[in-house]
Every structure is written in structure tokens, then in C-alpha cells.
Amino acid sequence: PVKNYGSAMTPFYTNLAIWVGGIVLIAIFKLESDKDEVVPKFTAVQSYFGRWMLYVVMGLIQSLIICVGDLLLLGVQCKSPAAFIFAGLFTSFVYVNIIYALSITFKHIGKAVSVILVIIQIPGSAGTYPIEMTPAFFQKLHPLLPFTYGINAMREAVAGIYGFHYAENLL
């Protein structure tokens, strides 16, 4: 049992905040690296992974602030705070990788796809309602959406870890 509705909804809204944080990172920082006289030569791979590290580190910081804020500021019920924070950090790593890969590959179209993905994941991840109550379209997409697993892993941490469900959702 979960004490209140807010604690029960925390996994959904935390995942939503982490994904939106990743989109905001892409909007704030430039995607491409500039070549200048300080660092005159680097390969496309070095440029990609250099920016990737910036986005991942910033995403992890954002996620840490979100998860610790949920626990300390909002006072969310959580059976395993360490598992909750780890799930937040791990999902941030995954979400930022998806958003960055789409954005660097397809530029503005990739950014738009990232926004469309978050819109599809809201009803399709079973974050607010059981997936059985949604249209067949979302039921078919449900296992393909990253939110599904991030939300389920955080639910395990909030309400209590049962068996290997936490690890399965992270995997």
C-alpha cells in the first residue's frame, strides 16, 4: 500500500521531469562542437562523445536533484530511497542518450521526435492509468516505450521491491 495519491504518482511525474529535463538540455546547449585554435583538430567521434559526456553529466545532475527533491522536499513515501535515486539516475542516462542521439542525427526533426515521444509515452506507459484501460494503439506501444520501464522500476522503489522486478525493469 502507498500512503497517498501523490506518492503513487511520483514515478510517473519523476520520469516525465527527467525526460523534459533532457529535452531542455538539448535546447540550451549547442549540439555541435566548434573547432578553434585552442582545440584545432578532433574527429567526429570525439566531438560526439565530448558533447555526449556534457549531456549525460548534466542529465545525471538534474535527475539527482529531481529524485532527492521528491524524497526530501516533497516527502514522498519510499521503501527504498537508494533504489529510487539509482532508478532516476539510470533512466536519466537512457533518456538523455535517446534524446541526444535523435537530436544529433536528425537535428530539428530529432528534437521534434523527442517531443512527440514524450507525448506518446504519457498515455502509453501506464503511468496514470492501467494500460488495459487505454486504446489498443497504446497497448501495442506499451512494451516499446522507455517510460514503461522507468516508471515500473521507480514504483518498485516507492512501494517495495518484489522479486527481481526492479532489476528486470532497469534492464
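The values are calculated or read from the model by the stated rules, or taken from the named source; none is laboratory data. Because the structure is a prediction, the values reported are computed rather than measured. Don't worry about glycine lacking a Cβ; one is built from the backbone with ideal geometry, like all the others, and counts go over all protein chains shown. In case anyone asks, the SASA skips ligands and DNA or RNA and just uses the protein heavy atoms, side chains included. Shrake-Rupley method; radii C 1.70, N 1.55, O 1.52, S 1.80 Å.
How much net charge surrounds residue 26 when only the other residues with a Cβ under 13 Å from the Cβ of residue 26 are counted, with Lys and Arg +1 and Asp and Glu -1? Once positives and negatives cancel, what remains is +3.
Count Lys and Arg as plus one, Asp and Glu as minus one, and take only other residues whose Cβ is under 9 Å from that of residue 104; the net charge is then +1.
By how many degrees, 0 to 90 and rounded to 10, does the Cα axis of helix 5-28 deviate from the longest principal axis of the chain? With rounding to tens, the tilt is 10 degrees.
Centroid-to-centroid, using Cα positions, region 50-67 and region 89-144 are 19 Å apart. The accessible-area ordering, largest first, of the residues 99, 61 stands as 61, 99, per a 1.4 angstrom probe.
With the cut-off at 1.5 for a/c, could you classify region 1-147 from its C-alpha gyration tensor as rounded, prolate or oblate? Verdict is oblate for region 1-147.
The modelled label-to-label distance for the pair residue 132/residue 68, using points 7 Å beyond Cα in the direction of Cβ, is 4.1 nm. Counting only residues at least eight positions apart within a chain, or on another chain, the lysines with an alpha carbon under 23 Å from that of residue 3 are 79. The trypsin sites (Lys or Arg not before Pro) of region 5-96 that meet both conditions, a loop assignment by DSSP and at most 14 other Cβ atoms within 10 Å of the site Cβ, are 30, 35, 41, 79.
Counting only protein heavy atoms and using a 1.4 Å probe, the accessible area of residue 94 comes to about 50 Å².
Annotation for region 139-171: chymotrypsin sites (Phe, Trp or Tyr not before Pro) lying in DSSP loop with at most 11 further Cβ atoms inside 10 Å of their Cβ are 162, 164.
Can you return the aspartates and glutamates within cross-link range of residue 107? Criterion is Cα-Cα under 17 Å, with same-chain partners fewer than 8 residues away left out. Answer for residue 107, where 17 Å is the Cα cut-off: 32, 34, listed by chain and number. A crude spin-label estimate for the pair residue 31 and residue 46, with each label 7 Å from Cα along the Cβ direction, gives 2.2 nm.
Across the chain, the longest run free of exposed loop sites, meaning GluC sites (Glu not before Pro) lying outside DSSP classes H, G, I, E and B with no more than 13 other Cβ atoms within 10 Å, spans 38-171.
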